[in-house]
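Asks: Before I ask anything, here is the structure I am working with.
The values are calculated or read from the model by the stated rules, or taken from the named source; none is laboratory data. Please read all numbers here as calculations on a predicted model, not as lab measurements. We place every Cβ from the backbone using ideal geometry, glycine too, and count neighbours over all the protein chains shown. These accessible areas exclude ligands, DNA and RNA; they are computed on the full protein's heavy atoms, side chains included. Shrake-Rupley method; radii C 1.70, N 1.55, O 1.52, S 1.80 Å.
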Amino acid sequence: MNDKNENLDELLSDFYDQHQSSEFKNDLNSFQDLLDANTAPRPSLQTIDKIKSAIANKLVLSQKRRRYNFVRKFAVAAVVLMIAIAGVKMVNRRPDGQIAEEGKAFAGNIFDEQQFSQTEIAVLTREVEQIEDSMLTIRLDEFDTYQSDSLFEIETELTEINGDFWKG
Amino acid sequence: MNEAEKLKQIVSGCKRGDNQACSELVDIYADRCYGYFYRLTGNTNLSNDLLGELFLKLVEKINTYNEGSFNKWIFTVASNIFRDHLRQKYRFKKLMDTKISQVRIEAMSQDSTHGGEIADKLEDMIKKLDDDTAELITLRFYGQLSFKELAELREVPIGTVLSKVHRGLKRLKELMSASDE
C-alpha cells in the first residue's frame, strides 16, 4: 500500500506484464523525483490571508441569510399555528352536529350585518344570473369575439357588483 | 489524533460554518491545490485567482460532501473550476471540448505574457501533453489521488487512466531527455 491507499503492484499486475509494471513504477517514481526537484511555487501569505478573509465574509453573510430565513419561517409558522388554534377552538366550542347550522347562521348574519335591502339583493341575484348566462354562452362556443361584446359586459357587471357590494 | 480524524473534525467544523475550521482547511490544502493550478496554467496570478475561487466554492459546497475520500472531492472541485475557467474564457463549450489542447496552449502563452514570467522547464513539458493526460498526471501527483479515484473522477475505466498516465510519463521522459541533449 502507498500513501494513496492503493496496492500499485497488484493493480499494475492486472493490466501489465512484470516488465511493463516495473517500467511504469520506475516512471512514476522518476516523475515524483522530478517534481520534488522542481517544486511548484507556493501561494504567498498575502494570498492566503485574502482567501481566509473572503471566507470569513462569506460565512458572516451566510449566517445572516440563515437567521433571516429562520425568522421568516418562524413568523409564517406562528401565523399558521395561531389560525389553526383559533379554528380548533371555534370547532371545539360547539357541540357536534351544530357546526353546519352555525355556518349557515354565520353566513346569514353577514348579510344581516350588511343590511342589504330586498331590492338590492334582487338586483344582485339578477346580475349573477346574467353572468351565468354569459358564461354558458362562452362554454357552448357561441361566443363570437368579432360580433359580440359579452366579455366586455361580463367585466362591466363584475366591476359594478364589486363596487356595489362593498358599498353595502 | 491521526490526520484522518483531524481532517474529519475540520470538515465537520466547516459544515457548521466555523471560520477557524475553514482557515485550517486552507492551510492544509492551499499548497497542493496551488501546485495543481500552477502546473496547469504556468501563471502565478491566475493560480492565485483559481485558488481563491476554489476555497470559496469549497465553503459553499462543503455540505454536499458526505463520505469517501476528501482528497478526491476537493480535487474534483478544483478540476471543475479549472475547466470552467477555460470555458468562461472561450465561451464556446463545443469548441473547447474539441480543441481543448489548442485553447489551453493559447491561454497559457497569453497568461505567461501577462504574468511576466517564464514557465519553468517542467511546465513546458507538461504543456506538450494532451490536456486530459496533463491533468491526470497533475491530479495524480498534486491531488495524491489513486488510479481508482482518477478513474471515478473522469468516469472512465481504470485501464484507460493507467494507459494515459503511462503514455504521458513516457512522453515526458522522452521530452526531458531530448531537452537535455
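Asks: Quickly run through region A:122-148 and pick out the residues that are at pLDDT 70 or above, in contact with a helix residue (DSSP H, G or I) (Cβ under 9 Å, 6 or more places away or on another chain) and polar (S, T, N, Q).
Replies: If the condition is that a residue be at pLDDT 70 or above, in contact with a helix residue (DSSP H, G or I) (Cβ under 9 Å, 6 or more places away or on another chain) and polar (S, T, N, Q), then A:130, A:134, A:137 are the ones that fit.
Asks: Could I ask something else about it? For a quick check of your reading of the model, give me the residue pairs whose first member lies in region B:62-77 and is under 14 Å from residue B:25 (Cα atoms), whose second is among the polar types (S, T, N, Q) and at pLDDT below 90, with beta-carbon atoms closer than 7 Å and at least 6 apart or on different chains.
Replies: Listed by first residue and then by second, the contacts come to B:71/B:144.
Asks: Here is a further query. Take residue A:75 and tell me if it is exposed (fewer than 11 other Cβ atoms within 10 Å of the Cβ) and within 11 Å of chain B (Cβ to nearest Cβ).
Replies: So residue A:75 fails the test.
Asks: Looking only at region B:1-45, how many residues end up being part of a helix (DSSP H, G or I) and either more than 8 Å from every other protein chain (Cβ to nearest Cβ) or of a type in the set (Asp, Glu) (or both)?
Replies: Adding up the residues that qualify gives 28.
Asks: For residue A:28, are the conditions met, namely being at pLDDT below 85, part of a helix (DSSP H, G or I), facing chain B (nearest Cβ under 8 Å) and under 30 Å from residue B:136 (Cα atoms)?
Replies: Here the answer is no, as residue A:28 does not meet what is asked.
Asks: Within region B:1-44, track down each residue that is surrounded by fewer than 23 Cβ atoms within 10 Å (Cβ to Cβ) and under 21 Å from residue B:125 (Cα atoms).
Replies: Listed by number, the residues that qualify are B:32, B:35, B:44.
Asks: Quick one: would you say residue A:62 is over 29 Å from the mean Cα position of the chain (by Cα) and part of a helix (DSSP H, G or I)?
Replies: no
Asks: When region B:148-181 is examined, which residues are found to be open to solvent by less than 60 Å² (accessible area, probe 1.4 Å) and assigned to a loop (DSSP other than H, G, I, E, B)?
Replies: Answer for region B:148-181, where residues must be open to solvent by less than 60 Å² (accessible area, probe 1.4 Å) and assigned to a loop (DSSP other than H, G, I, E, B): just B:156.
Asks: Being open to solvent by less than 10 Å² (accessible area, probe 1.4 Å), in a helix (DSSP H, G or I), out of contact with any Ser or Thr (no Cβ under 8 Å at 6 or more places or on another chain) and more than 8 Å from chain A (Cβ to nearest Cβ) is the requirement here; does residue B:58 meet it?
Replies: The answer is yes for residue B:58.
Asks: Can you say whether residue A:25 is open to solvent by 60 Å² or more (accessible area, probe 1.4 Å) and closer than 16 Å to residue B:173 by Cβ, as far as the supplied structure shows?
Replies: Yes; evaluated as a whole, the condition is true for this residue.
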